[in-house]
Ligand SMILES: [Zn+2]
């Protein structure tokens, strides 16, 4: 192995490592955050319970008392 290719190899190695780390952390972020983004937070107006449900649902029944509730807007 010549000196030039040796230097090139050791300069590319950290770049490849950063790319691989970025790729895996981005994949992990998507894997963990996607279910959270699909869920919306609801607070029951009757009993005050806070729970989550699908974001597509406009009115979600409370799991405790069954009263329909609108999603909380932050
Ligand atoms: Zn309730």
Exercise for review: Hey, can you tell me all the residues within segment 1-28 that are in a helix (DSSP H, G or I) and over 29 Å from the mean Cα position of the chain (by Cα)?
Suggested key: 3, 4, 5, 6, 7, 8, 9, 10, 11, 12, 13
Exercise for review: Would you mind telling me which numbered condition in (1) modelled with pLDDT of 95 or more; (2) within 16 Å of the ligand (Cβ to nearest atom) residue 20 fails?
Suggested key: (2)
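The values are calculated or read from the model by the stated rules, or taken from the named source; none is laboratory data. Everything quoted here is computed from the prediction, not taken from an experiment. For neighbour counting, all protein chains shown are included, and Cβ atoms are generated from backbone atoms with ideal geometry for every residue, glycine included.
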